[in-house]
Structure formats: C-alpha cells, structure tokens
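Only the coordinates and a few stated rules stand behind these numbers; no lab work does. Quantities reported herein were computed from a predicted structural model and do not represent experimental measurements. Please note: Cβ atoms are built from the backbone with ideal geometry, for glycine as well, and neighbour counts cover all protein chains shown.
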Amino acid sequence: MTEINIVIRTADQTRKAEVTLPGSHTGADVIQAAVDNWSLPRDTDYSLVNTRSAQPVQPANSLEKQGVQNGDVLEVQPVLVAGLS
Amino acid sequence: MTDRYLRHNLIDWFDQDLLKTLSALVVGAGAVGNEVIKNLCLLGIGTIRIVDFDTIEVHNLTRSVLFTEADVGKNKALAAAEAAAKLDPYCSIEAISGDFWDKISFAKLQEASIVFCCVDNFEARFRINRMCSLLGVDLINTGIDSRNVLAEIFPFARDPDSACFECNLPPSTYQRVAERYSCGWLQKVSFEARKIPTTAITASFAGAMATSLFLYSFREDSEPGARRLFYDTVTGSASKVNLPMNPACVCCSTQSAPRLLVRAQRVIGQDLPWLKSLPLDVTVTVSDPILVTWEMPNCAVCSSTAPECVLDLASNYNESHTICTKCGLKQRLAVIRDQFSLGELVEKFSGRPLPGKFLCFEGDGTQIVVELQDGGSE
C-alpha cells in the first residue's frame, strides 16, 4: 500500500499537521480527521483543496487516484452559505 | 455622462460601452447583494434586476450599505433598488418582490448577462444553479461567515461543459439540507435554521470579489472554466481553486445536450398538445417534489379508504399535515414524487394543473424542458 506524506491545514492556517497517510484514504477521511482532531465546528460543511494543483480533492475518491503527491498541502476550507441577512 | 466615467476610461481594458449593454440579475438583496448592487451601479452597468422576498430587519443595518433605519420593514429588493437608483440614475433598475423560483421565468433569466447568487441557504443555491446551468446563463455564487469569503464563477454561457455549483459540493451538504425534512420528506415544523454570524467587512469583500469576477470575465484573456476564490479577511490568505466538472453531479450530469426549451400551460390533458405525440411510457421529471397522495396504511379506521389525491407542491406541506382529517391520528403517509410516466399523468391527473416550475423528458435524443405557466400569463 502506497503511503504519502502531506501537510493538512485549515484555511486560516491556525492548524497544521504533517502526516503520513495510506494513499487509499479518501478526501472525506481527511476532512473527518481534521474535524475530529482539531475540534472544528461540526455544524459546518468542509471541502478539501490541493494547494499545489489548485484543484478540489473529492470526498468520495482516494487521495492516490486524485493525484495527491508527497509534499502536497491540503487545505480544509469551510463551505460558506451565509450572505443574505 | 462621459465625465462620470473619466477614470474608468483611463483603464486600457475597461470597456464602459460594453458594460452599459449588460444586464445583471441579483438574487438576494441582503448584505452581499447590497454590495454587489452598489458596485454594479458605480461601475456603470446598464441594467440590474433585483429579486428578494424578504423584508429588512433592524439587525440587517450593520451589514447592508444600501439600507437605512427608515427602510426597516420594507422589502429588501425594493429598498435596494431605490438606493441604487440614487447611486446611478443612468442604470435601469427593476425590483422584484418575491421568491426567485416563482418570479423569474426562463425568459427573464435569459435576459441576464450574469446572475449573482447572494442568498443564505443551500436550497436556494441549488435552484439558482439549476436554472442557470439549464439555460446557459453565467452564474457567480457568493458566501461569507464572520471572517471568510468565497466567490465562485460558473461560466455556463461561454462554456457549456463548465462545472456547476453542485459538482464539487461535499455530500455532507445534502445531509444538512435533509435535516430540514422528516423521513417522509415533509418539512419539519420545529426546524430552526442555524444563524451564521457575518460582518460588513466580509460582505464588502464578497461583493468586491464577485463583481471583479464578473468584470474580468469579459476580458479576452479571462480564464476559462469554473473557479472559486477563497479569502480569509483576518490573515489575508487567499486561494484560487479550479472547479472540475463532476460526471456524477446530481444536477448537471442529468442535463443532456442538445436541449429544447418550450413553454406550455400546466393543465394536464388537452392543454398540453406537446404530450400527444409522445409515447405514454416516457418518464417525465418535474422540477419540484410533488405531494401526490395522502395514504393511511397503518390506520385501523381509515386504511380501507382510497388514498386522497393532492397533486400539489410538497413544499406547501409540513409534518403537521400528517394528521388524518378523518380519525385525527398522526398516521397519514405523504407520497412525494418528482417522476411520472406520461401515461400516468394523462390517465390519473387529466384536467388538473401540474405544479412545479418546469418538467423535463427525453425525446429522440433531445432533452425537452417545458416551462409550466398558468393560464394567460406571459
């Protein structure tokens, strides 16, 4: 099983971790781990972005299949829904 | 008039004449909508159409640049249009009080060069995105919280294969939307939407980023495809994300090309002449969930009675309507659907109005989209 070394951080960059993960982990796994370990608000949805490729990392697909490489920085961004009131 | 745009004229790529020919539809005239409208007026756009059903409350005034205390209680679209007309008397501004889904016809949407989505919930965004992707009208979506801002462009007009708003949404979004509904897909009576704190700072950033995406999209060197700008107003960190199309997208993957748009009266039967030439087994998908019948399968008193035919928008009902009108027990089962066979529609519901904004079906490899209209309108 391929392992990849990546950096995961929040959008405000107040939380950052260098981790080694199996390439079979999905985008959803990474988001869930970030929410759990960093106590991010659970009433918010998050998307994952690969800052090297400027592409979103899809939650359902593995990191490996989405071309995530050693050294990549994945950013956990909140999905923003407000704007009206 | 020329002097008004003297500084714009010094910008080599700024095409003031083009901007004067363009028309923007702003959906949601709250904090971000105010900023977008203000920017469009100051830039000198030709036409703005503003739609909002909501009224101004006093707490809106800390984030809404176009509203004053005297506007509290007024409709947001009307008040924003009034203030915007003072910013630019040369801009043609129309305010529409009501819900986008009800008030904006296909024709009105197609008149827009751009649609700005400045609403505060996912369901409204789903609908706006669906209409824009279906009709090929460029869409800019915005979102804010107390420190972060996003603006996304979906250039459906120039790039029919562009990703749509739903292509890159996490599945948790749909789970969150589902929380508003009971297991039978009726709205929960007790559900209270989460209040998200926002500020004038994030609203103004969002308005600026959204309007900038619009302005630059008309440059020859503008980037193709859908993309998202994300900005943290506290740290100043920003990112740009290119948004790829998702072949499994619940919205745009079902919209096959080529497409034919038609309008018809919503009464099923003879008033729908386009139905006559189709095979009866063709599947018709309606744009809105429809409450077809109430059934009483578990009620000892009423289970033997025939289901009560409703054929109305499911959104007009909630959990409180599951109480049986005959026995008073909360046992009615709502049968909610958005797909029918053509034969079923004609056989069971002939002569009745089909609720919903539009319906779709496949015919000879073409997707037919029928906008449903009430008698005599437009």
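Calculate how many DSSP beta bridges within the protein assembly as shown are antiparallel, expressed in % of all such bridges and rounded to the nearest 5.
Roughly 65 percent of the DSSP beta bridges within the protein assembly as shown come out antiparallel.
Using the Karplus curve 6.51 cos²θ - 1.76 cosθ + 1.60 with θ = phi - 60°, work out ³J(HN,Hα) for each residue of segment B:199-211 in order, rounded to whole Hz, and write x for Gly and Pro.
Running phi through 6.51 cos²θ - 1.76 cosθ + 1.60 with θ = phi - 60° gives 10, 4, 5, 5, 5, 6, 4, 4, x, 5, 5, 5, 5 Hz.
Grab the DSSP H runs of chain B that are 4 residues or longer, score each as -39,500 (n - 2.57), total them, divide by all residues and round the 222 nm result to the nearest 500 deg cm²/dmol.
So the helix-based figure for chain B works out to -6500 deg cm²/dmol.
Once label points are set 7 Å from the Cα along Cα→Cβ at both residue B:223 and residue A:24, what is their separation, rounded to one decimal in nm?
3.5 nm
Only helical DSSP H runs with n ≥ 4 go in: add -39500 (n - 2.57) per run for chain A, normalise by residue count and round the 222 nm mean residue ellipticity to 500 deg cm²/dmol.
-4500 deg cm²/dmol
Enter the mean number of other protein chain beta carbons within 10 Å of the beta carbon of each residue in B:59-69, as an integer.
Per residue, the number of nearby Cβ atoms from other chains is 1 on average.
How large is ³J(HN,Hα), in whole Hz, for each residue of segment B:250-260 in order, when computed from phi with the Karplus curve 6.51 cos²θ - 1.76 cosθ + 1.60 and θ = phi - 60°, using x for Gly and Pro?
Each residue's phi maps through the Karplus curve to give 5, 9, 7, 5, 8, 9, 7, 9, x, 10, 10 Hz.
Which of B:245, B:233, B:314 sits farthest toward the positive end of the charge dipole of segment B:231-329, with +1 on the Cβ of Lys and Arg and -1 on the Cβ of Asp and Glu?
Positive-end residue among those listed: B:245.
Hey, rough spin-label estimate for residue B:158 and residue B:285, points 7 angstrom out along Cα→Cβ, what's it come to in nanometres?
That separation, rounded to one decimal, is 2.8 nm.
As an exercise, take the mean of 1/r over every pair of distinct alpha carbons in the protein assembly as shown, invert it, and state the Kirkwood radius in angstroms.
Computed over the protein assembly as shown, the radius equals 24.2 Å.
Using only atoms on other chains, find how many Cβ atoms lie within 10 Å of each Cβ of peptide A:38-48 and report the average.
Average neighbour count from other chains, rounded to a whole number: 3.
Can you compute 3J(HN,Hα) from phi for each residue in segment B:49-55, using the Karplus curve 6.51 cos²θ - 1.76 cosθ + 1.60 with θ = phi - 60°, rounded to whole Hz and x for Gly and Pro?
Each residue of segment B:49-55 in turn: 10, 10, 10, 6, 9, 8, 10 Hz.
For residue B:49, which sequence-distant residues (separation of 5 or more, or a different chain) have an amide H within less than 5 Å of its own amide H, given hydrogens modelled in the peptide plane?
Under 5 Å from the amide H of residue B:49: B:24, B:25, B:26, B:94.
Which residue fluctuates most in the GNM of chain A (Cα springs below 10 Å): A:29, A:43, A:12?
Looking only at A:29, A:43, A:12, the biggest GNM fluctuation is shown by A:43.
With a cut-off of 8 Å between alpha carbons and a minimum separation of six or more residues, what is the relative contact order of segment A:3-78 in percent?
42 percent
Can you give me the long-range amide H partners of residue B:268? Hydrogens built in the peptide plane at 1.01 Å from N, cutoff under 5 Å, separation of 5 or more residues or another chain.
Under 5 Å from the amide H of residue B:268 lie the amide H atoms of B:351, B:352, B:354, each far enough along the sequence or on another chain.
Go through B:369-375, B:57-63, B:142-148 and give me the packing order, highest mean Cβ count within 10 Å leading.
Peptide ranking by packing, descending: B:142-148, B:369-375, B:57-63.
Do any chymotrypsin sites (Phe, Trp or Tyr not before Pro) in segment B:69-105 lie in a loop, going by DSSP, with at most 16 other beta-carbon atoms within 10 Å of their beta carbon, and if so which?
B:90
What length, rounded to one decimal in nm, is gained on full extension from residue B:311 through to residue B:15, with 0.36 nm per residue of separation minus their alpha-carbon distance?
Between residue B:311 and residue B:15, full extension yields 101.5 nm more.
Count the DSSP beta bridges whose two residues both fall in chain B, then state the antiparallel fraction as a percent rounded to the nearest 5.
60 percent
For segment B:259-373, what's the relative contact order in percent, using C-alpha pairs closer than 8 Å and at least 6 residues apart?
So the answer I get is 43 percent.
If the elastic network links every pair of Cα atoms under 10 Å, which of B:171, B:355, B:307 fluctuates the most in the Gaussian network model of chain B?
B:171
Residue B:20: which lysines have alpha carbons under 19 Å from its alpha carbon, excluding same-chain residues fewer than 8 sequence positions away?
Straight-distance partners of residue B:20: B:38, B:86, B:108.
Can you tell me which of B:286, B:51, B:262 moves the most in a GNM of chain B? Springs connect C-alpha atoms under 10 Å apart.
Of B:286, B:51, B:262, the most mobile in the Gaussian network model is B:262.
Relative contact order (percent) for segment B:3-60, with alpha-carbon contacts under 8 angstrom and 6 or more residues of separation?
For segment B:3-60, the relative contact order is 37 percent.
Under 5 Å between amide hydrogens, which residues at least 5 positions from residue B:147 or on another chain qualify, with H placed 1.01 Å from N in the peptide plane?
Amide H to amide H, under 5 Å and 5 or more residues apart or across chains, residue B:147 pairs with nothing.
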